[in-house]
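To keep things clear, I will list the structure first and then write my remarks on it.
The values are calculated or read from the model by the stated rules, or taken from the named source; none is laboratory data. The structure presented is a predicted model; accordingly, all values stated were derived computationally and were not measured. Quick reminder, even Gly has a Cβ in these numbers, built from the backbone with ideal geometry, and neighbours come from all protein chains shown. Ligands, DNA and RNA are stripped out before the accessible areas are found, and what is left, the full protein with its side chains, is counted by its heavy atoms. Shrake-Rupley method; radii C 1.70, N 1.55, O 1.52, S 1.80 Å.
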Amino acid sequence: MLRAGTILSLPAVLSGCIAAAVIPIAASSSAIVKSRMDDKRAARRAVRTAEAAPAEVRLAQPVPGVTSPASSPDGSQPSPAAAAAVAQRSGVPETMQYLYGSGEAAASSVQAYRALQRYLNDWKAYVKPGQARQVVISDSASLDAPQFEPCGPKPPAVVLDIDETALLNLGYEGDAARRGDGYDEGRWRRWEESGTRNVAAVPGAKMALDAARAAGIAVIFNSNRTRETAAQTEAALTYAGLGPAKHGSTLWLKGDDGGGSGKDDRRWAIASGYCVIALVGDQLGDFSDLFNDPKLSPATRRALANVPAIANLWGNGWFVLPNPVYGTALKGGFDDVFPADTRWSDPGTVAGPVTTSVK
């Protein structure tokens with residue numbers, strides 16, 4: 001384990017001069033342009049038609065085999081009423097629509113990985129050998145006063161979570177959406193064993209990891225997948241273009257440290273041999289187990305993610321990816337999510353069917 005050191009003071013990373021990529025655009029004929037315009041008009045007409053229908057009609061469209069969205073490996077899930085409404089509307093939970101199907105999620109992921117790549121470039125350019133510190137919080141430190149160890153001569157590394165951080169589990173989540181019956185531990189284990197070719201890289205991940213390796217920065221995965229399926233996890237990462245990863249050196253899994261799902265012991269073990277200059281994940285536990293203290297309320301946990309010492313790390317050594325489908329983020333009662341001093345009631349509210357609009 002790491003010894004407690006001094007409080008880290010990270011300066012803002014200087015912006016590197018990165019040339020914008022020039023994307024060639026193929027010339028389109030007027031017929032293609034007209035076709036696309038017609039498609040857009042048809043889509044808008046379909047939306048207006050759907051909105052004009054009574055709410056009870058819109059919610060009555062049958063979707064075979066889907067009754068509710070899947071929950072996560074930690075059991076968190078939307079409310080039954082919200083889940084049923086989503087399933088009736090589309091057959092795919094809205095959270096899955098966003099993460100696995102939307103351009104917005106792809107853009108957010110590319111943005112995060114491009115920020116990581118820029119940070120690594122700047123680190124290589126501006127940090128002198130022997131002057132770096134870990135971005136892994138030291139043992140015995142706290143979130144409001146985090147401490148970080150000096151790296152010394154250790155080689156640099158970026159440490160990433162796997163699932164929904166580097167790898168999209170499309171096969172498993174698609175099966176879960178069809179079933180609509182939530183997370184099943186046995187099914188997840190069978191997925192780890194047999195789903196090595198039903199995955200895809202998170203947008204932007206391959207670009208950033210290839211660049212890191214080319215710059216001499218080690219890429220190390222720290223996942224709560226099980227060590228018994230290490231070979232299959234290596235194969236899935238290779239299939240998605242994110243490898244190589246080798247269990248015991250650049251791939252750390254649950255059980256490797258003799259502990260459970262907490263990742264700090266593995267992070268400290270990795271940091272004993274590497275200078276961990278970046279952490280990437282989709283859950284706050286991918287950065288510190290301190291965020292997963294069961295005594296923390298959602299509101300307190302949210303506040304801790306924004307204390308100055310921690311806020312300074314986001315995009316500056318710590319990089320978080322969107323995941324509205326499962327995990328520790330999906331908690332909190334009404335008072336946690338909507339503080340009392342923000343409450344508002346529409347003074348012009350009139351009872352009637354609820355419709356959605358396209359902006």
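Label-to-label distance for ALA299 and ALA106 is 4.0 nm, based on points extended 7 Å past Cα in the beta-carbon direction. Normalised per residue, the accessible area of the range 185-319 is 40 Å², obtained with a 1.4 Å probe and no contribution from ligands, DNA or RNA.
By its C-alpha gyration tensor, with a ≥ b ≥ c as the square roots of the eigenvalues, how is the range 181-292 shaped: rounded for a/c under 1.5, else prolate for a/b larger than b/c, else oblate? Oblate is the answer for the range 181-292, as a/c is 1.5 or above yet b/c matches or exceeds a/b. For the pair the range 226-288 / the range 123-138, the C-alpha centres are spaced 21 Å from each other. Note that the range 111-261, at 37 °C in a medium of 0.692 mPa s, gets a Stokes-Einstein diffusion coefficient of 193 µm²/s from its Kirkwood radius over C-alpha pairs.
Within the range 242-359, the ratio Rg/Rh, alpha carbon atoms throughout and Rh by Kirkwood, equals 1.11.
Take the Cβ-Cβ distance between LYS124 and TRP314 as r, set R0 to 22 Å, and report the resulting FRET efficiency rounded to the nearest 0.05. Efficiency, from the Cβ-Cβ distance: 0.60.
Here the label points at ASN306 and LYS206, each 7 Å from Cα along the C-beta direction, are separated by 3.7 nm in the simple model. How many nm is it between the label spots at PHE334 and ASP184, if each spot is 7 Å from the Cα in line with the beta carbon? So the label points at PHE334 and ASP184 sit 3.5 nm apart. Tell me whether the range 121-173 comes out rounded, prolate or oblate; compute the Cα gyration tensor, take square roots of the eigenvalues as a ≥ b ≥ c, and use a/c under 1.5 as the rounded threshold. In terms of gyration-tensor shape, oblate.
What pairs from LYS295/LYS331; LYS128/LYS263; LYS263/LYS331; LYS154/LYS295; LYS128/LYS206; LYS254/LYS295 go past 25 Å between their alpha carbons? Cα-Cα > 25 Å for LYS128/LYS263; LYS154/LYS295; LYS128/LYS206; rest within. The value obtained for the range 256-315, namely the Cα convex hull volume divided by the number of residues, is 100 Å³ per residue.
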